[in-house]
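Contents: one structure, followed by commentary.
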Amino acid sequence: MGKKSLLYSLLIIPVLLVSACQQEEAAEEGKTDGNEQEDALTLDVLHSFTGEQPQAPVIEPAFETFDEEHSDINLQIETAGGNDIEQVLRTQVSADDAPDVFTHWGMRRSESYFQNGDIPDISELIESDSELEGMFREGSYTPVTYQGGVFGLPILSYSYHFIVNTEMFEEYEVSVPTNYDELKEAVTTFQENGVIPFAANNHSARYMLLNLFSQHKTQEEMIEHATGEEPFGDALYTAAERVQELAELGAFPDGYMSMESAQAVQLLNAGQSPMYYQMDWTLGHLDENQMEKLDIIPFPLASDGLPQTTISGNGQFIYMSNEAYEDPDKREAAWELMKKIASPEIGRQIIEEASVLDLSNSEVEFDESNVNPILVEAFEDQQSAENIVPSYDEELFASEVENEYWPLVDSLLLGDITPQEFVDEMNNIIQEYPNVQFDE
Amino acid sequence: MVQQNRWTLSLFAIPTLLFYLYFFISPLTNTLFDSFVEWDGISDKVFIFLNNYMEILQDPVFYSALLNSFYWVALVITVQIPIGFFLAYFLYQKVKGFRILRTVYFIPVVTSSVAIALIFSFIYDPIFGLLNNTLNIIGLGHLTTDWLANPVTAVTAVALPFVWNFIGLMMIILYSGLQTVPDELIEAGEMDGVNARQKIVHIILPSIKPVLTICLVLGVTYAFKQFDYVLLLTNGGPVHLTEVSGSYMYNQGFSENNYGYGNAIAITMMVIVVGLAFIINKVLKED
Amino acid sequence: METKPGYEPGSNTPVYVEEKKSLKHHVAKFLKYTFIWGFFALNFGLFLWILMTSFKENSEIFANPFGLPESYNFENFYKVLTEGNMGLYLLNSLIVTMATIFLCMSLAATISFVISRFKFKGKQFMYLLFVIGVTIPLQSLIFPMFFRMHQIGLRDTLLGIIIVYTALNLPKTVFLLVGFMKGIPREMEEAAFIDGCNYWQIFSKIIMPMSKPMLATAGILIFLSTWNEYIFATVLLSSDAVQTLPLGLANFQTDHVSQYGLVSAGIIISIIPILIVYIIFQEQVVKGMTSGSVKG
C-alpha cells in the first residue's frame, strides 16, 4: 500500500461513515413514512413473530394494519425472532430503553420484570374495559397474575397432543393404546419389528412425563407443587419410573437427546414412527400426504379410572412498559394495540392461516373447511379433555427451576439418576426457588 | 539516526487508543465490575464481591467445560495447525491447480457456523445421518452410535466442525508467513541437499516462528471462546457433557440470566487464556 | 527478527539412498496429492451439499439428505430474496463489513507501527491491553456495549454496529500486525532515517508495503468475523431496515421448525459475495507479496 492508497483509504472512511449515517436516517424515515400526521404518537414495538415463526404470517401484518388504521399512532416495529427476544428485551430494559409494547412469555420468563416494576400492573385497565369481559378463556391470566396484580394480555396458547399413525398400528397389528400397559406393549411390539415407536426428542419425553404425572392432579394441585406447599411424591415417582422405562425399552429414536423438533417430526412424516407427542406449534409441519393416516387421541392413562388429561394453557402475552403506562396518551394507544393483538379475530386468523391452535380466547371460531384437518382434531381433543392442566415447562415453574428441570429429566431418561433421586432433586429445587406468583 | 520529534509518534497512537479505551476497555471494566455482583440484568445489582469466583471454584460443570476446552486446544495443536501448515506449504510450492485449491480450502472459513453445524448435524444424525449409513453399508454396522450423545464420542464430535472450520484460517495465516521466508535461504538449503523433512524442520519452521505464534495464540483463544457449535449442535448437553467454557459462559449469562456469574466465568477464562498465551510466547521464544 | 537457518550443511544426506529414492519419492508424492485433493474434496463436498440442499424441501432433505435434488428449481432462492428480504440484508452486511475493515485496519495499523517499532514507557502495558482484548470472550461485552451505544444514541443503526465491530476486531488486528511488524528487518528503516524520511514516510513507504501479507490476512479475518457475526447483531439491530445477513438466516430457523432448504439457499447467497471478494483480494495480495518484499 503506497501513500496514495493510504490517503485514499483514510478518505474513504468518512465517506463510508457518512453513507452509513444516511442509511440510518433512511431507516428512520422508513419507519415513519406511511403516516399522515406529523404529531403522531410514536410507539416502539418489539415482538418475536418474524421469519419462519409459525404465527408470523398473521401477527406481523396485524401490527402493520394497526399502524395503517391509526393515523394518530405511529408504530416503530423491532423484531427478534423466537428465543432471541429474551436477550434483546433484557438488554433494552436494563439500558432504560424498553419498548412501549412487546410480546413475551408469562411469569416464567417475565417474573423479574413484574417484580422490578418494568412491566406495570394493568388490572385496573382490564377491569374498567368492558370489551375484555369474557374475551379470554378461564385461567388465561394465570401466567401473568403475580402477587395480586395482572400484567399482560394473553395472545397465544399452547397444547400438547398425542398423534398416532393408524395405518402403522394396523400393519403391525397393534391396538392403539388407551393406558400405560397398552402403550408399553405397543412400544415393545414396534421395537421388536424394528420400528422406532416414537417420533420424539427429549422435549417430547419430558412432556410425556408431565402428562403421566398430571393425570393425577388438578390445576390447583399442580400449583401447590410448584409453590412448594406440597412436595412431589408418588405421582411424580411413578411417572418418572415409567418414562425411564419407556426410554430403556427404546421408545425414542437414537439421538433423541440432541434432536431438533423439526428432525423428530420427520420420523412421523416419513412413516417411520407411529407415535408422536408434541406441542401444537409443530402441527403445521406434519406432512399433508400423511394426514389421512394420522389421528389425535387422548394420551394413554397412567392407570384406568384417571381422567383424560390435556396439557394446555397460555404461553405468549402482550405487555406495555411502565414508561408507556405512565404517559396517559401512550397508555391509551398501547392499550388499543394490545387489545387488537389479543383479540379473537387474530386468534381465528392464526388457526386458519398459520395452522397453529390459538385457544387463548374464550370463543374459538374458525371455518373448519379452511383449516388443516389435524388442527380440527387437536381442537376437539382439547375440548373433550376431562382434565386440562397447565404445563410446568410453560407456566408454573420459576425460570431457575426450569433451568434445572430440563437437564434433570435428561439425566433421568439417560438412566444417570433413579426416579427417587429425580423426585428428591425436584423437591430440592422447588424448595430453593418456589413459585411465588400467588403470594399476596 | 536522525532524531525526530518523538511526539509526532503519538499522533499515530492516540486516535486508536482513545477509540479503544472508550469502546472496548471501558465496557470491559463494566464486565469486570459486574463479575462481583449478583444480577439478572434487570433487578438491582447486589454486590457479592468474590462469591461468584468462589462458586466457580466449586462448580463441577465449569471444570468439565474447562477440560473440554483444553481438549479443543489439544486438537488445535495436533490437528488444526499441522493440517493448516501442510496445506499452506503445498500451496506455497505452487502445486498444480493451486488457485482453485486455495479458493476451495477457504470455503469453510467463510461459511457461517450455522451452515457448518447444520451439515454436521446431518452427518451425525443416528437415523438419517451420513456417518451411520456409510458404516452400515461398508459392513461396520456395529460401530454406529449416537455420535452427539455417546459419552465416548460426543466431545470430539462437537469439536470437529470447529477444527475443520478454522483449518483454512490457519492455512492463510501460515501462507502469508511463508511468503516472508527469503528464497535465498531455501535455495541455499537445496544446494546443500537437505531432504524435504529437514527443509521443513530446520529452515521453514524457524523462519515462520512469529506467524506460528500468532496461529497458536489465535487457535487457543478460539478454542476457549468459541461456543456456537456447541450451542447449535447439542446446547452443551446431554447434561453438560459437551459444554465448553465459552458455551457455559454464554448459557449462564444469557440463557439462565446469571449475568454476574457469567461475567465471572468470562474473567476467569480471560486469565487462563492470557496465561496460556504467555506460555506459548515463552516456549517459542526460548527455543 | 533473525532468520538463521538451523540446518547443518551436508548432514544426513548419504549417497546410497539414491536408488531407493524413486519409490519413496512416489509414495511421498502419492500421500501429498491424496492429502491435497482429499481436503479439497471434503471442502468442495460441503459447498455442493449446501447447494444441493438449497433446491430441496424439508421432506426431501430428510428422505435423501446426501442425494441430488429431484428437480432444480430456484423457488427457495426466490423466496429467500423476496420474502426473506435477503437483498437488503446483503447490502447492509456489505456496508457494515467494508466500513469495519477500513476503520479497523487504519486504527490498528498506525498503533501497531508505534508498538512494534519503537521503545517508550508504557509500551508493554499498551500491548497488554490489546492482548487482553484478544483473550476475553466477547459475549461478555454484550450488555456494556449495548449501554454504550444507547448512551451515544447509535443503537439500532449501521454506524453503531460498525463501531462495535471495529472495537471487537481491533485487539486481534493489532495483535496480528504487531507480531508481523516486529519481524520486519530494521536495516531498511534505518537507511530511510538517514535519508531524512519522517515517521509518516517510514510508515507509509516501508512498513505498510512490507506488511501487506499480514494486512491482507487481517482484512480477511475481520471480514469473516463481521460477515458471520450473529450475537451482537441480534441485540443491537432490531429494526428490519438495518438487519444483516446472519439475522436474516436465523429467521429461517425457529425453535419448533427449521426450513433447511431456505437456510441453505440463504447460505449460498451469503457465501458467493465473499468468495468473489476473496478471489479478487487474493490476487492483489499475491501480487503484493511477490513485489512487496523485493521492492520495499
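The numbers here are math on the coordinates, done by the rules we state, and not lab data. None of the values given here were measured: they were computed from a predicted structure. For neighbour counting, all protein chains shown are included, and Cβ atoms are generated from backbone atoms with ideal geometry for every residue, glycine included.
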| query | Based on DSSP, what percent of beta bridges with both residues in the protein assembly as shown are antiparallel, to the nearest 5? | reply | 65 percent
| request: Give me the Kirkwood hydrodynamic radius of chain A, using the inverse of the mean 1/r over all pairs of distinct Cα atoms, in Å to one decimal. | output: 23.7 Å
| request: Work through the residues other than A:Pro120 whose Cβ is under 10 Å from its Cβ and net out their charges, Lys, Arg +1 and Asp, Glu -1. | output: -4
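What number, rounded to the nearest 500 deg cm²/dmol, is the helix-based mean residue ellipticity at 222 nm of chain C, given -39500 (n - 2.57) per DSSP H run of at least four residues and division by all its residues? List each step's numbers first, then the result.
Details: 12 runs with 202 residues, N = 296.
The helix contribution divided over chain C gives -23000 deg cm²/dmol.
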| task | Check every DSSP H run in chain C and write down those whose alpha carbon atoms cover 27 angstrom or more along the long axis and whose mean Kyte-Doolittle hydropathy is 1.6 or greater. | result | C:86-117, C:158-182
| said: Report the gain in length on full extension from A:Asp129 to A:Asn83: 0.36 nm times residue separation, minus Cα-Cα distance, nm rounded to one decimal. | reply: 13.4 nm
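Exactly which chymotrypsin sites (Phe, Trp or Tyr not before Pro) in the range A:107-185 are in a DSSP loop and have at most 14 other Cβ atoms within 10 Å? List each step's numbers first, then the result.
Working: sites: A:Tyr113, A:Phe114, A:Phe136, A:Tyr141, A:Tyr146, A:Phe151, A:Tyr158, A:Tyr160, A:Phe162, A:Phe169, A:Tyr172, A:Tyr180; in loops: A:Tyr141, A:Phe151, A:Tyr172.
Taking the range A:107-185 and a limit of 14 other Cβ atoms within 10 Å, the loop chymotrypsin sites (Phe, Trp or Tyr not before Pro) found are A:Tyr172.
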| query | Relative contact order, percent, of the range C:42-147 when contacts are C-alpha pairs under 8 Å separated by at least 6 residues? | reply | 14 percent
| request: Report the relative contact order of the range B:52-286, percent, no decimals, based on alpha-carbon pairs under 8 angstrom and at least 6 residues apart. | output: 29 percent
| query | Under unit Cβ charges (Lys, Arg +1; Asp, Glu -1), what dipole magnitude, rounded to 20 debye, does the protein assembly as shown have relative to its Cα centre? | reply | 9840 debye
| query | Taking the mean number of other Cβ atoms within 10 Å as a proxy for protection, how do you rank A:101-110, C:64-73, B:53-62, B:126-135 from highest to lowest? | reply | A:101-110, B:126-135, B:53-62, C:64-73
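Treat every Asp and Glu Cβ in the range C:84-251 as -1 and every Lys and Arg Cβ as +1, leave all other atoms uncharged, and give the resulting dipole magnitude about the Cα centre to the nearest 20 debye.
Working: 11 positive and 7 negative charges, 96 e Å.
About 460 debye.
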| remark: Summing +1 per Lys or Arg and -1 per Asp or Glu among the other residues with Cβ less than 10 Å from A:Thr310's Cβ gives -2
| query | With charges set only on the Cβ (+1 for Lys and Arg, -1 for Asp and Glu), what does the dipole of chain A come to about its Cα centre, in debye to the nearest 20? | reply | 1380 debye
| task | In nm, give the distance between the simple-model label positions of A:Gln115 and A:Tyr172, each being 7 Å from the Cα along the Cα-to-Cβ direction. | result | 4.7 nm
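Please sort by residue number the GluC sites (Glu not before Pro) in the range A:273-366 whose DSSP state is loop and whose Cβ has at most 15 other Cβ atoms within 10 Å.
Those that pass, being in a loop and sparsely packed, are A:Glu363, A:Glu365.
Would you mind giving the mean number of other chain beta-carbons within 10 Å of the Cβ of each residue in C:92-104, as a whole number?
3
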| query | For peptide B:207-218, how many partner chain Cβ atoms fall within 10 Å of a residue's Cβ, on average? | reply | 4
| What residues qualify as long-range amide H neighbours of B:Val37, i.e. H under 5 Å apart, gap of 5 or more or another chain, H built at 1.01 Å from N? | B:Ile48
| request: Note the angle between two axes, namely the Cα long axis of helix A:180-192 and the longest principal axis of the Cα atoms of chain A, as a number of degrees from 0 to 90, rounded to the nearest 10. | output: 90 degrees
| request: Based solely on C-alpha atoms, express the radius of gyration and the Dmax of the protein assembly as shown in angstrom. | output: 30.5, 103
| request: Measure nothing but the geometry: give the 0 to 90° angle between the long axis through the Cα atoms of A:344-354 and the longest principal axis through the Cα atoms of chain A, rounded to 10°. | output: 70 degrees
| In degrees, nearest 10, range 0 to 90: what is the angle between the Cα axis of helix A:84-94 and the longest Cα principal axis of chain A? | 50 degrees
| field | Karplus-derived HN-Hα couplings along the range B:197-210 (A = 6.51, B = -1.76, C = 1.60, θ = phi - 60°), whole Hz, x at Gly and Pro | value | 5, 5, 4, 5, 5, 9, 10, 5, 4, x, 6, 9, 3, x
| request: Alpha carbons only, please: Rg and Dmax for the range A:255-373, in angstrom. | output: 19.1, 58
| field | Hull-based mean projected area of chain B, where the convex hull spans the alpha carbons, in square nanometres | value | 22.4 nm²
| chain C shape via C-alpha gyration tensor axes, a/c threshold 1.5 | oblate
| remark: Long-range amide H partners of A:Asn74, meaning residues 5 or more apart or on another chain whose placed amide H is closer than 5 Å, are A:Leu41, A:Thr42, A:Leu43
| message | With a cap of 10 neighbouring Cβ atoms within 10 Å, and only residues DSSP puts in a loop, list the chymotrypsin sites (Phe, Trp or Tyr not before Pro) found in the range B:233-287. | response | none
| request: For A:Ser157, enumerate residues with amide H under 5 Å from its amide H, sequence gap 5+ or separate chain, H modeled in the peptide plane. | output: A:Gly315, A:Leu359, A:Ser360
| said: In whole Hz and in residue order, list the ³J(HN,Hα) couplings for the range B:74-89 that follow from phi through the Karplus curve 6.51 cos²θ - 1.76 cosθ + 1.60, θ = phi - 60°; x for Gly and Pro. | reply: 4, 5, 4, 6, 8, 10, 5, 5, x, 4, x, 5, 5, 4, 4, 5
| message | So if the hydrodynamic radius of the range B:207-287 is defined as the Kirkwood radius over C-alpha pairs, what does Stokes-Einstein give as its diffusion coefficient at 25 °C and 0.890 mPa s, in µm² per second? | response | 178 µm²/s
| For chain B, the longest stretch holding no trypsin sites (Lys or Arg not before Pro) located in a DSSP loop with at most 14 other Cβ atoms within 10 Å is which? | B:97-287
| Extent of the range C:84-251 along each principal axis, from alpha carbon coordinates, in Å, largest to smallest? | 59, 31, 24
| task | For chain C, calculate the relative contact order in percent as a whole number, restricting contacts to Cα pairs under 8 Å that are 6 or more residues apart. | result | 29 percent
| remark: Taking a ≥ b ≥ c as the square roots of the eigenvalues of the Cα gyration tensor, with a/c under 1.5 meaning rounded and otherwise prolate when a/b exceeds b/c and oblate if not, the range B:22-169 is oblate
| task | Kindly write out, for the range A:415-425 in residue order, the coupling ³J(HN,Hα) from the Karplus curve 6.51 cos²θ - 1.76 cosθ + 1.60 (θ = phi - 60°), rounded to whole Hz, with x marking Gly and Pro. | result | x, 6, 10, 8, x, 5, 4, 4, 4, 4, 5
